[in-house]
Amino acid sequence: MSALHVALTTSEQYNAPALATFPPNIMSTPIRWRHDRPAPRRPRPEARPLSVIKSALGEMARVAFAEPFMLAIERQQIYLRRLPKPLDGLRIVQLSDLHFGPIVNPRHLERAIEAANDLRPDLIALTGDYISHDRSYAAPCAELVGRLRARHGVFAVLGNHDHWTDAALIADLFRAEGITVLLNEGMRLDLNGESFWLSGVNDTMVGLEDLPLALAGSGENEMKLLLAHNPIILRRAARAGVDLVLSGHTHGGQVTLRPEKNRSGRPRRRLLRGLGRRGNTQIYVTRGLGTVVLPIRYGCPPEVSMLELRSIS
Ligand SMILES: [Fe+2]
């Protein structure tokens with residue numbers, strides 16, 4: 001009997017050498033052994049949420065880098081008890097926080113200036129932070145805001161970034177462009193025989209705010225409008241009998257992930273944007289135009305504010 005014949009006589013003898021030629025892991029996987037179609041590939045259950053998070057973050061990043069180039073015109077009516085009736089409907093355009101510098105596109109600021117002029121305002125209020133850290137941007141910024149046109153003038157205060165760069169240079173350049181810079185000072189603005197007190201404070205963060213000085217000379221029952229870069233002044237403005245404060249500084253948060261109102265439907269305690277009130281004093285906080293730290297915005301696009309003052313009488 002040959003060796004081959006012996007091998008074919010019993011299954012044990014037949015299978016033993018054949019099994020030895022296959023790796024044990026393949027042999028023990030029945031689906032591979034008997035199927036004739038590929039097994040469907042299913043994602044591992046833990047991989048799906050990760051991919052959803054990844055794509056959501058990618059979308060957020062795309063929006064965040066695009067939003068600084070957007071421009072929203074925010075229209076807000078503000079009702080004021082002491083605004084003389086003949087001045088009902090007075091239109092103020094407010095611009096703030098241009099942050100002219102390497103991370104803000106000058107074309108974006110030009111569009112904002114053009115939009116402000118197209119609104120044909122009675123007054124323009126500029127509420128600070130025109131440049132960020134580099135004084136070489138002061139002159140081009142002044143040239144840009146010098147293009148603003150309003151029937152009764154353009155008025156400005158300075159912000160913390162202006163002080164951290166070169167406040168005196170910016171104030172001088174702005175004045176050379178015909179802009180009235182109000183640094184702890186005020187004036188009675190006469191418009192068609194009616195008047196109110198228009199004032200501005202120097203920046204709070206650098207310790208130069210002097211509100212009593214800005215209001216010195218105003219009448220007790222006169223309507224008082226205050227330009228102040230930092231909205232933190234609201235409590236003091238309310239005590240001093242200011243009717244309306246116009247502020248910037250917050251950039252609306254610049255990146256906001258939380259809704260503006262809390263779960264009970266009330267506005268959050270710290271006012272980052274829009275119209276607020278303390279007692280008889282109202283405040284409008286604009287989101288501004290530029291960015292700081294990173295060239296991103298999320299949930300608060302740049303803003304040109306169109307404020308219409310209404311008389312309550
Ligand atoms: Fe700012």
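Here Phe174 fulfils each of the conditions (1) buried (at least 17 other Cβ atoms within 10 Å of the Cβ); (2) under 25 Å from Leu87 (Cβ atoms); (3) in contact with a helix residue (DSSP H, G or I) (Cβ under 9 Å, 6 or more places away or on another chain) apart from (2). The set of residues from the range 102-125 being touching a residue at least 60 places away in the same chain (Cβ under 8 Å) and under 17 Å from the mean Cα position of the chain (by Cα) comprises Ile103, Val104, His108, Leu109, Ala112. Residue count for the range 195-204 under the criterion of being closer than 18 Å to His163 by Cα and either among the aliphatic types (A, V, I, L, M) or in a loop (DSSP other than H, G, I, E, B) (or both): the result is 4.
Checking each residue in the range 62-99 for being of a type in the set (Val, Ile, Thr) and closer than 23 Å to Arg120 by Cβ picks out Ile73, Ile78, Ile92, Val93.
A quick yes/no check of all residues on (1) under 30 Å from His99 (Cα atoms); (2) at pLDDT 60 or above; (3) in a loop (DSSP other than H, G, I, E, B):
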residue	(1), (2), (3)
Pro38	no, yes, yes
Arg42	no, yes, yes
Pro49	no, yes, no
Ser55	no, yes, no
Met60	yes, yes, no
Val63	yes, yes, no
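Scanning the range 146-186 for residues that are in contact (Cβ under 8 Å) with a residue 60 or more places away in the chain and either of a type in the set (Lys, Arg) or touching a Leu at 6+ places or on another chain (Cβ under 8 Å) (or both) gives Phe155, Ala156, Val157, Leu158.
The single condition among (1) outside any strand (DSSP E or B); (2) over 17 Å from Val245 (Cα atoms); (3) touching a helix residue (DSSP H, G or I) at 6+ places or on another chain (Cβ under 9 Å) that Asp97 does not meet is (2).
Residues of the range 133-170 that are assigned to a loop (DSSP other than H, G, I, E, B) and out of contact with any Pro (no Cβ under 8 Å at 6 or more places or on another chain): His133, Gly146, Arg147, Leu148, Arg149, His152, Gly153, Leu158, Gly159, Asp166. The set of residues in the range 76-95 that are among the basic types (Lys, Arg) and surrounded by 12 or more Cβ atoms within 10 Å (Cβ to Cβ) comprises Arg82, Arg91.
Would you point out the residue of the range 112-134, among those that are closer than 12 Å to Leu95 by Cα and among the β-branched types (Val, Ile, Thr), that is nearest to the ligand (Cβ to nearest atom)? Per the criteria, the residue is Thr127. Only one entry in Pro86, Pro68 is part of a helix (DSSP H, G or I), touching a Ser or Thr at 6+ places or on another chain (Cβ under 6 Å), at negative phi and at pLDDT 80 or above, namely Pro68.
Going residue by residue through the range 180-192, is there one that turns out to be among the basic types (Lys, Arg) and either closer than 24 Å to Asn160 by Cβ or touching a Cys at 6+ places or on another chain (Cβ under 8 Å) (or both)?
Among the residues of the range 180-192, not one is among the basic types (Lys, Arg) and either closer than 24 Å to Asn160 by Cβ or touching a Cys at 6+ places or on another chain (Cβ under 8 Å) (or both), which makes the answer no.
Residues that are buried (at least 19 other Cβ atoms within 10 Å of the Cβ), more than 24 Å from the chain's Cα centre (by Cα), away from the ligand (no atom under 16 Å from the Cβ) and farther than 15 Å from Gly290 by Cβ do occur in the range 145-167, at least one of them.
Going residue by residue through the range 290-299, is there one that turns out to be of a type outside the set (A, V, I, L, M, F, W, C) and more than 22 Å from Leu71 (Cα to Cα)? For the range 290-299, residues of a type outside the set (A, V, I, L, M, F, W, C) and more than 22 Å from Leu71 (Cα to Cα): absent.
Go through the range 68-111 and report how many residues are within 16 Å of the ligand (Cβ to nearest atom) and over 30 Å from Glu194 (Cα atoms). It would help to see each step written out before you state the result.
In the first step, residues of the range 68-111 are kept if they are within 16 Å of the ligand (Cβ to nearest atom); the result is 68, 94-104, 108-109.
Add one more test, that the residue is over 30 Å from Glu194 (Cα atoms), and what stays is 68, 97-104, 108-109.
Qualifying residue count, the range 68-111: 11.
The values are calculated or read from the model by the stated rules, or taken from the named source; none is laboratory data. Note that this is a predicted model, so its numbers are computed, not measured. Methodologically, a virtual Cβ is constructed for each residue, glycine included, from the backbone with ideal geometry; neighbour enumeration extends over all protein chains shown.
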